[in-house]
1. Cβ neighbours within 10 Å, averaged per peptide: list B:158-166, B:125-133 in order, most packed at the top.
2. Over 21 Å between Cα atoms: which of A:Lys58/A:Lys156; B:Lys589/B:Lys680; B:Lys568/B:Lys680 fall into that group?
3. Over the Cα atoms of segment B:63-167, Rg to Rh with Kirkwood Rh, two decimal places?
4. Give me, ordered by chain and number, the residues 5 or more places off A:Asp207 or on other chains with an amide H under 5 Å from its own placed amide H.
5. How much length, in nm to one decimal, is gained on full extension between B:Gln209 and B:Leu284, taken as 0.36 nm per residue of separation minus their Cα-Cα distance?
6. Under 21 Å between C-alpha atoms is the cut-off here; go through segment B:345-469 and count lysine pairs that meet it, provided they're at least eight residues apart or on different chains.
7. Highest mean first, what order results for A:201-210, A:186-195, B:727-736 on Cβ atoms within 10 Å?
8. Quick check for me: using +1 on Lys/Arg Cβ and -1 on Asp/Glu Cβ, what's the dipole size of segment B:80-153 about its Cα centre, in debye to the nearest 20?
Amino acid sequence: MEDDAPVIYGLEFQIHIIDFDDENNIISKSVLQHQAGEIWHISASPADKAVLTTCYNKTSESRVVTCGAVWRMPPEWESGSHESPDDPHNSHNPQNLELLCHLDNSSHGNASCVLWEPMGDGKCVISLADNHALLWDLTESSTQATISSSATLEGKGQLKFTAGKWSPHHNCTQLATANDTAIRGWDLRTMSQIYCIENAHGQLVRDLDFNPNKQYYLASCGDDCKVKFWDVRNINEPVKNLEEHSHWVWSVRYNHSHDQLVLTGSSDSRVILSNMVSISSEPFGHLVDDDDLSDAEDNHQDEKTKEPLQDSIISTYEEHEDSVYAVEWSSADPWLFASLSYDGRLVINRVPRALKYHILL
Amino acid sequence: MYIRSSRRVHGMLKLYYGLNEEGKTVDQAESMNPCDINGTHFDPEVYLNKLRRECSLGELMDQESCMVKQIRSLDSDMQTLVYENYNKFISATDTIRKMKNDFKKMEDEMDCLSTNMAAITEFSAHISGTLQDQHAQITKLSGVHTLLRKLQFLFELPARLNKCLELQAYSQAVSSHRRARCVLQQYSHMPSFRGIQDDCHAIMDKLAQELRQKFRDGGSSAEDLSECVELLLQLDEPAEELCDKFLSHAQSRLEANLRGLEAETDILEFIDRGCNEFVSSLCLVIASYQELFVNRPQEGNLASKDIPHMAIGKLHAFVDALATCYFSLVERRIQEEKSVGDNSLLVRALDRFHRRLQAVAKLLPGSAVPSQGTEIVVRAARERIKQYLAALQSFYLDSLRDVRQALAAPRLGGSSAGELLSSLSASILNQIKSVLASVHLFTAKDITFSNKPYFKGEFCSQGVRESLVVNFIKFVCQSSRQFCESAGDRGGSTPPALLLLLSRLCLDYETSTITYILTLTDEQFLVQHHSPVTAVAALCGEARGAAQKLLNHYVKVQGLIISQMLRKSVETRDWVNTIEPRNVRAVMKRVVEDTTSIDVQVGLLYEEGVRKAHSSDSSKRTFSVYSGSRQQTRYAPSYAPSAPMDTNLLSNIHKLFSERIDIFSPVEFNKVSVLTGIIKISLKTFLECVRLRTFGRYGLQQIQVDCNYLQMYLWRFVSDENLVHFLLDEIVGSTAHRCLDPAPMEQSVIEVICERG
């Protein structure tokens, strides 16, 4: 149960590993130094939990460049004693991250994000740099990275990828990227564009996420305060629109196992948990096998499954005082999620118990 | 005692002869007095007592002598009366005696008369006995004579029939034949009669043939036809066949009429012609048919007794079939009537159509034709309402397009938004009124169908009120809402000024117009709501919702335009390597200009609204706060690498005390609220963009200058200046966070730069 959170504190850049003990409701954290510069994007390897990539700003000669790199966390953080959450000053003398390799792309411009191959063996990453998508092969120890192929977005003006997501479907051969108001899909085998949703949002697209269970479904959010759900087979119209936030939506995430649960974070300082039953992979609720039911329960269960389910807002979390920039589901417990805001506040929440039981039963 | 009882007898006698009524009515009151000597109730005892009591002796003596004198005169009167009447008695006795003698003489004469009469009776019997034989003979002879006359008629019949045939006196022939037919039938076993019968049959067949031919020809007049039919019926032709023939004959003529109709173009002429030709000849056919087959006196010898029954059935089928054709024609024609300009023509045509069908109803009481006709009228009215709704809608859209063009065109004559709004709403209202007036024709008093239950009830409430007026208002709201939806993402954006104008329009509808229109409708049509109708409040709610949505959208769009400007200005600049600020960036001036023009635009349509009280020199005061000492303490700790928490702590504490800002909170219907919304959106965007960049020293200073400039000009637009202050504060604070070398500019320098412009 861990959440990696990038936090910028003045000129010192750290990675905090927050450990949340669900049973005892205790939060503890470890701090790692990231000396290369301020971190703009972070993602963990699916294969090795000690390996992660960051995109960071490097300031040199009054020029700001964003680079990508692969890091290994020192082995001690895990076994080492966790500090109590009440005493932040224990985080002095934090340990440094061990640099594995640079995703050196100085020729390709600033990296906006680095994506790991979902459920892969930790050998493939994609970095999005300005208008290029670069596919990297890492060696066994991740100490060396080579570009195996790349795609370039061409068009009028200065095009720049703002966000991307590696699809977990189709044998991991598809990538979705966002630039300005458009969403594009790429085939990684040929590195060519397969679809393009022009004007997917009224303004800049901020984030994308794939439905983990429905291979053609994609969620996007952006500066027009909307969250849209797409079926990439029909790119003319979104399947569904959500218009609950009152400012830019910065992040959208499907729950990893129950894809009707969608989490969004916005700069109106709110986190909204929605229940999108109608477009989920379980539109009629959890299908119950008759064999599992005892006769006594039968009627009761039938009633429940027959209830028409509506898309709805489950709850709005207003704990943050400033813009929320990131939301993430826990990879261990599907009912747990965290959100992070500008002022450095990390909030961990649970899905309401009533809804949880409604989905499970 | 004796006297009293005798008086009573006297009274009864008087009563019997009615004297009491005649003579004594006047002094009835006196007569009751027992002291009145002439009265009926006179009591001598009482009278005597009274006299004795009241009078002196002298008076009594006088009274007595007076009374004796009176009695004496009465006695002499009585004597004269007896003498006078005596003579009369004597003469009466003489008369009676004379009468007795006369009666005796008369009795003798009567006896003589009775003997004479007996002798006469005897003679008369004798005479009739002798004449009886001759009389029987004469009777027999006259019988033979009649028979011979009949026979002669029979023998002459074929010749006579032939002659009639030649002269075409068919009716005479038929009546002659009818007279002879039974006899011939009866004696057909005799060869001579058989001959005659055969001859007659042949002739009559020929005659029937001829009649049928005439009937079939059709050239003859209706009267001829009916005569034909009557004769044929008398000839025992099957009635059913005749009915069929008659009807098919009529049908061909009526169908020709209908075909003639199809060529007609003008609706009124079409209906006129339909009425005059088709309907009137249909009526004629019905009338003559009924005359012939239905209303004829029942004749017992006709084999089929249910002729009228059968005939009526046929007639109904016939009329229904033709009417269906006619109605389909009429309906098609009415559907072609699409132009909504002049409704009176259509209404008049429908009225005529409906009126003429009433004639059919009178002729043929059980027929479904009139009710079908009414249904057509009802359908036409419904269709009309739909057309009017469509016309209103397209008028509304056209007006909107005009307004749009007027807004897009450069201001020439100074047609401001306010004028446009008032002219738009006035023209819509006028259009609604004229449509109502047109529709009102359907319910005018002189229109025959206006008193049908549909036109009294459902047409007014469901038709006019719901389908037309309410639907139009709903359409206005919905189309307004659509402007909000379509304009968002994919091109075809609506000009913001139009959004604002529509929002005001919807608001006006909510406050007054809807109520006015509905009241007007209810009054004009005297709507009686049998079925539930849309409440005014619901419509007003809808209009208000639309107004709110439009205004929100307006704020969003305008905010977006300014945001976009700010975003581009922040994103495209290299803030690390910028030069020391010398003046306010042009984009900030642009922002202030745009905000000012939006302020003017909104001010034309919406009221000012309330703002929180502020000090006399707000720009100065707030400015000094955010770049003053507090600001210093806010980002000073960021120098110290070991104390990152302080910054957060401070900013969090600060935020605890300031209210949370809802960026896209619902806008109120006033200028200040609208402007506040737009400025909030713009500044929030500015803030978010700044947080995504890295700044050098001069970058921070430039932002300081820009924010100061914005502060100087924007505070006056918003409801709560602290809001602008807070957001600008956040922007500078965030910039300082993102700054590599945060060295803020001197406040005095900033002021100098800003004032220079």
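1. Details: B:158-166: 15.8, B:125-133: 8.3.
Peptide ranking by packing, descending: B:158-166, B:125-133.
2. Numbers: A:Lys58/A:Lys156 28 Å; B:Lys589/B:Lys680 17 Å; B:Lys568/B:Lys680 18 Å.
With Cα atoms farther than 21 Å apart: A:Lys58/A:Lys156.
3. 1.78
4. Excluding prolines and chain starts, which carry no amide H, the hits are A:Cys221.
5. Here the answer is 24.4 nm.
6. Within segment B:345-469, the lysine pair count is 7.
7. In descending order of packing, they fall as B:727-736, A:201-210, A:186-195.
8. Numbers: 9 positive and 9 negative charges, 92 e Å.
Using Cβ point charges on Lys, Arg, Asp and Glu, segment B:80-153 gives about 440 debye.
Values quoted throughout were computed directly from the atomic coordinates according to the rules given, and no laboratory measurement underlies them. Model, not experiment: these values are computed from the prediction. Neighbour counts are summed over all protein chains in view; Cβ atoms, including those assigned to glycine, are modelled from backbone coordinates with ideal geometry.
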